[in-house]
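Only one structure is covered here, and it is reproduced in the block below.
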């Protein structure tokens, strides 16, 4: 396997509603930032891959317009997944492994503000048996949280602690949408919105974009002093039917983590794509992360959750810690689908 | 690998199987035009066609989208264009789409306004459809002033100006 | 470090038709996947990863359907990716699957592409109102017709060329049991007299709207050798590439897109092709409106600029011509949009494996598979051969 590293990362300031700019305009400064950071223009980038979904944009072929922000003439080698940008990163990493590219630009974005996100996400569900019931994303997460609480995996108090910690970390992150939090006992006085979930257990809805640059081997060393090397990356999916799955554990995360080699060394920091508080507990357990690991120092998805970019941002944030010398070994995780159906795990390390 | 024929329990055997369901879905979206499109549409509402020039290649984009598709850089320099230009290519449409009030056949064309380096799609009217040709010079027909809105429907259609056709070489690269 | 060789050892397709009311979306993809696995003499458990591709989710009304299809495609515990590059997606999906093998990450990958257009309303989804742009035309044909007119103007091609292509592809389809359209009574006149939809595109020169799926099993070199040894000749990948361009920009050539030329050049360089017309035995090319055959003949280097239509008129692309194009009947005879690109790639592989039955081109040993999408802006292509590269 070739050594591939994250050499640049940028994200937009995540906001509830980006009212002035459309998706392309929101994305463009982020694309410019990463290219400028490493001094590459589009013609020097061997492969480009993006992640986004039409259902957020409310338009078919919505990813096409973002090419205007990339500068795709002369024509570029480019692909797209209708998934979180973390999977676009995976496709780009594979491309580099084949030897057909040495550098790759990966980007993703999502504006959840145009539509009703909870209803939009219900369109991901089995179209014959489940989607016609319109179960919204918060209700489904609540089902999972209830199962977790009932079998002692977590408690509402622990969940409130996770919410407070995350948003306080968000206060140190200039890009986060939510910055700061009340104490957990204050949070627990709020009414439930979908039992057992309270507002603080849910991610914010917002608009945002992110991009990063991957480079291989010597190219990475040329472009960055401290590349964040991808030591392992793997992703797995579980069954779709919620009744078929054990919602109190995350076997696909466990398997992806094993394949990515999480346990091969100490983990300093983990960026986990847990949009709901109880899910952080599940993921932490699945990855075998002990008390010494700093969890979501960026604030995580509880501080900013731009759909389709949140997973890529976990990888970018983890890479950032390594690149700034704040961590030597990091784990980043991304999820897709209802109740953590699909999971990707990435292990990053600094120079040895 | 594939199972055998399905065997139903006794009480279900005489029932008609469900072969399909109708599951209507409705989602509402509020779209943001974005800064570039907003400038363009506000221009349209005052009967102006505004393109944007790229600082790198110098070309004028229409309709402007805030960036140069070739160079990937922001474009903010506004360029006012004429509301007359050339038909670079067209097609005669014989199939309606739902909600359309157009009488068939009608002609949809790419119109290159003078000064622009890219064309706009629009309807051609006030000429029999079989006389429309590439290179024909046309001008925009706007709605009445009190009907002007920030959207492209403010240009009802394009009609021939009567000027001589533009020579092929002058618009060749847009064909 | 070199790329691992990629072999095609199993291919499956559904019978494409306007409405497959007999299967759910899951049933549709399983039908193709079953056939590919059976062809490869493998079971679901032999597959290490699945790559699925399809066009806009609004066509079926299901957002990110790979989530729903995980169970149906035996993906539990496996990696699953979903590619979407507009109309070229069937091709790019295959290339992404191939890259997993080239990179040495997996040895056996199942790739599937589908569209069940009857579930939603494809015409509506293709012309979903774009915010702040009043709709002018219905259907993709309204977008492509002006560019076809531009080709006719540039090349001086006579009016009947499009009719010849439509007739050829639909007659070829009669030899392909999987094709959607089987028009036994089609004639030159019946095509020419069919209704003009978006002049110059006639009804009979337009692709249908189909439900359909295609699946391919790809393996590494060891898998290809094993298949060969067992008497099931693989197709070997000789080259593959993708290119994208923005939809419009000043000076954009929509008739002979630079992206198409460069994508082909990349594939040809990998496959050692310097004269495509002479060195390929057959090509499966994405032609959704008949005039795209002469246009793509030029764009892909099979004919000089302005001369593509002469190959059509001379019969060069007929099944008994020197460079048959679309013996399967092509997109003009079956168009489940998300699958169509993979069908082209698969049909090319079927030709060099000798498994195309009645529409087999005798002795085919090298074939081109091509797909395009969007406003003639996304291209994915591969070359396959009967001999290991």
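In chain C, helices alone account for a calculated mean residue ellipticity at 222 nm of -10000 deg cm²/dmol, with every DSSP H run of four or more residues adding -39,500 (n - 2.57).
Comparing mean-square fluctuations of A:213, A:76, A:313 from a GNM of chain A with C-alpha springs under 10 Å, the top value falls on A:76. Shielding of peptide A:320-332 by partners, expressed as the average count of other chain Cβ atoms within 10 Å per residue Cβ, is 0. Altogether, the Stokes-Einstein calculation at 10 °C and 1.306 mPa s, with the Kirkwood radius of chain C over Cα pairs as Rh, returns a diffusion coefficient of 78 µm²/s.
Simple spin-label estimate for residue C:195 and residue B:19 gives 2.6 nm between the two label positions (7 Å along the Cα-to-Cβ direction from each Cα). Comparing B:134, B:61, B:102 in a Gaussian network model of chain B (Cα springs below 10 Å), the most mobile by mean-square fluctuation is B:102. Per residue of chain B, the DSSP helices (runs of n ≥ 4 H) give a summed -39500 (n - 2.57) that works out to -2000 deg cm²/dmol at 222 nm. Values of log10 I(q)/I(0) for segment C:1-73 across q = 0.14, 0.15, 0.26 Å⁻¹ run -0.54, -0.62, -1.37, by the Debye formula with one identical scatterer at each alpha carbon and no solvent. Ranked by the mean number of other Cβ atoms within 10 Å of their residues, highest first, the peptides B:108-121, A:51-64 come out as A:51-64, B:108-121. Over 56 Å apart: what share of the alpha carbon pairs of the protein assembly as shown falls there, rounded to a whole percent? Percent of Cα pairs beyond 56 Å in the protein assembly as shown: 9. Extending 7 Å from the Cα toward the beta-carbon at both residue A:259 and residue C:322 defines two label points whose distance is 4.9 nm.
Of the beta bridges in chain B, as assigned by DSSP with both residues counted there, near 95 percent are antiparallel. Taking R0 as 41 Å, what FRET efficiency do you get between residue A:116 and residue A:43 from their Cβ-Cβ distance, rounded to the nearest 0.05? My answer for the efficiency is 0.50. Computed on chain C, with alpha-carbon pairs under 8 angstrom and 6+ residues apart, the relative contact order is 26 percent. Legend: calculated FRET efficiency, residue B:10 to residue A:244, from the Cβ-Cβ distance at R0 = 22 Å, rounded to 0.05, equals 0.25. For segment A:221-327, the Stokes-Einstein estimate of translational diffusion at 4 °C and a viscosity of 1.567 mPa s comes to 87 µm²/s, using the Kirkwood hydrodynamic radius over alpha-carbon pairs.
On full extension, the segment bounded by residue C:18 and residue C:387 gains 129.1 nm, given 0.36 nm per residue less the C-alpha separation. Note on C:372-378: average number of Cβ atoms from other chains within 10 Å of each residue's Cβ is 3.
Specify whether the C-alpha gyration tensor of chain B places it in the rounded, prolate or oblate class, a ≥ b ≥ c being the square roots of the eigenvalues: rounded for a/c under 1.5, otherwise prolate if a/b is larger than b/c and oblate if not. Prolate is the answer for chain B, as a/c is 1.5 or above and a/b outweighs b/c.
The simple Förster model, with R0 at 45 Å and r as the Cβ-Cβ distance, assigns residue B:142 and residue C:46 a FRET efficiency of 0.10. Inter-chain neighbour count for C:80-92: the average number of beta-carbon atoms from partner chains within 10 Å of each residue's beta-carbon is 5.
Springs between Cα atoms under 10 Å define the GNM used for chain C, and in it the highest mean-square fluctuation of C:86, C:346, C:38 occurs at C:38. The helix-based estimate of mean residue ellipticity at 222 nm for chain A, built from -39,500 (n - 2.57) per DSSP H run of four or more residues and divided by its residue count, is -9500 deg cm²/dmol to the nearest 500. Taking 16 Å as the cut-off, the amide N atoms of segment B:20-56 that come nearer than this to a point 7 Å along the Cα-to-beta-carbon line of residue B:163 belong to B:49. Extension gain, residue A:218 to residue A:2, is 76.7 nm, computed as 0.36 nm per intervening residue step minus the present C-alpha separation. Reducing segment A:263-340 and segment C:306-383 to their Cα centroids gives an inter-centroid distance of 46 Å. Taking label points 7 Å from Cα along the Cα-to-Cβ direction, residue A:172 and residue C:232 give a separation of 5.6 nm.
Readers should treat all values here as calculations from the given coordinates under stated rules, not as data from a laboratory. The structure displayed is predicted, hence computed values, not measured ones. As a convention, Cβ positions derive from the backbone with ideal geometry for all residues, glycine included, and neighbour counts pool all protein chains shown.
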